Amino acid sequence: MDLFSNIRPAVEALGDGAFLLPGFADSDAIIAEITRLTARSPFRHMTTPGGRKMQVAMSNCGRYGWISAPTGYRYDTTDPLTGAPWPAMPTAFVTLAKQAASAAGYSGFEPDVCLINRYGVGTRLSPHIDQDETEKSWPIVSVSVGIPATFQLFGPTRSGGARNITLHDGDVIILGGKARMYYHGIRPVAAATDPRIGALRYNLTFRRAR
Ligand code: SIN
Ligand code: FE2
């Protein structure tokens, strides 16, 4: 038994600048913040440029928010649903993102976006590259909360197939280096129940947009 695992979380290198930090995040505190934040900027199903409603419900906090609309993807300081600025990023979120990035070797990360995703049972996220950021040298820090999901990590194209990684409550994935521009997605979420939030999975992705 490793007595230190509770003190110093493991960092698992996934290759090409991607890392998994199992159980790194305090999900109870994150759930409380998500509840507070989404009372101000509610979850909504955005429309893709192709005219489809996204399965994943989304909101944001931070200086910028990521928005999908019929006109395209963009970052904006204003929530189009409320007409108000996105809620400020909680200090605890900033600290979590910085500490996770540092643990993976990316020090100095200052996120200006936190995209908040909500998945129900059966919800999937199609493979994509995060490429709407002006500044692409900073990593993406992705935090999982609630019921598990299978994260698919492809390469610079989708043709080589994916590595499937099960993400549990509190796990953090970091995409930096070459993997920053790798395709990734979420397989349809399997039925499960979290004692606090029910049959839901939340995901926070911290980004540096500008
Ligand atoms: C994303 O790629 O934006 C979200 C990934 C996840 O939900 O784990
Ligand atoms: Fe993504």
_Residues within the range 173-210 that are open to solvent by less than 20 Å² (accessible area, probe 1.4 Å), in a helix (DSSP H, G or I) and either charged (D, E, K, R) or under 11 Å from residue 120 (Cα atoms) (or both), tallied_ = 1
*Determine the pairs where a residue that is over 11 Å from residue 150 (Cβ atoms), located within the range 164-176, has a partner that is near ligand 1 (Cβ under 10 Å from one of its atoms) and not in a strand (DSSP E or B) with Cβ atoms under 8 Å apart, the partner being 6 or more residues away or on another chain.*
175/130
*Give the residue, chosen from 154, 109, that is more than 20 Å from residue 27 (Cβ to Cβ), away from ligand 1 (no atom under 16 Å from the Cβ) and in contact with a Pro (Cβ under 8 Å, 6 or more places away or on another chain).*
109
*asked:* Which numbered condition in (1) closer than 24 Å to residue 33 by Cα; (2) within 13 Å of ligand 2 (Cβ to nearest atom) is the only one that residue 154 fails?
replied: (1)
*State all residues of the range 139-161 that are of a type outside the set (A, V, I, L, M), within 14 Å of residue 202 (Cβ to Cβ) and either touching a helix residue (DSSP H, G or I) at 6+ places or on another chain (Cβ under 7 Å) or open to solvent by 20 Å² or more (accessible area, probe 1.4 Å) (or both); if no residue qualifies, say none.*
148
_Condition first: under 26 Å from residue 31 (Cβ atoms) and within 13 Å of ligand 2 (Cβ to nearest atom). Now tell me which residues in the range 168-193 satisfy that._
173, 174, 175, 184, 185, 186
*Please name all residue pairs, on different chains or six or more residues apart, with Cβ atoms under 7 Å, provided the first residue is in the range 187-210 and is modelled with pLDDT of 95 or more and of a type in the set (Phe, Trp, Tyr) and the second residue is assigned to a loop (DSSP other than H, G, I, E, B) and open to solvent by less than 40 Å² (accessible area, probe 1.4 Å).*
206/111
*Any idea which of (1) surrounded by fewer than 20 Cβ atoms within 10 Å (Cβ to Cβ); (2) away from ligand 2 (no atom under 16 Å from the Cβ); (3) outside any helix (DSSP H, G or I); (4) more than 16 Å from the chain's Cα centre (by Cα) is the one residue 102 doesn't satisfy?*
(3)
_Can you say whether residue 74 is at pLDDT below 95 and either open to solvent by 70 Å² or more (accessible area, probe 1.4 Å) or more than 23 Å from residue 102 (Cβ to Cβ) (or both), as far as the supplied structure shows?_
no
*In the list 65, 15, 50, which residue meets the criterion of being open to solvent by less than 50 Å² (accessible area, probe 1.4 Å), modelled with pLDDT of 95 or more and more than 21 Å from residue 110 (Cα to Cα)?*
15
_Pick from the range 112-138, criterion near ligand 1 (Cβ under 10 Å from one of its atoms) and over 19 Å from residue 44 (Cα atoms), ranking: surrounded by the most Cβ atoms within 10 Å (Cβ to Cβ)_ = 130
*asked:* Suppose we keep only residues that are among the aromatic types (Phe, Trp, Tyr) and part of a strand (DSSP E or B) within the range 46-90. Which one would you say is nearest to the chain's Cα centre (by Cα)?
replied: 66
*Does residue 149 count as away from ligand 1 (no atom under 12 Å from the Cβ), more than 22 Å from residue 113 (Cα to Cα) and out of contact with any Asp or Glu (no Cβ under 8 Å at 6 or more places or on another chain)?*
no
*Identify all residues within the range 158-178 that are out of contact with any Gly (no Cβ under 9 Å at 6 or more places or on another chain), among the small types (Gly, Ala, Ser) and over 18 Å from residue 130 (Cα atoms); write none if there are none.*
160
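The values are calculated or read from the model by the stated rules, or taken from the named source; none is laboratory data. Just so it is clear, the model here is predicted, and its values are computed rather than measured. FYI the Cβ positions are ideal-geometry reconstructions off the backbone, even for glycines, and counts take in every protein chain you see. Note: areas computed on protein heavy atoms with side chains; ligands, DNA, RNA excluded. Shrake-Rupley method; radii C 1.70, N 1.55, O 1.52, S 1.80 Å.
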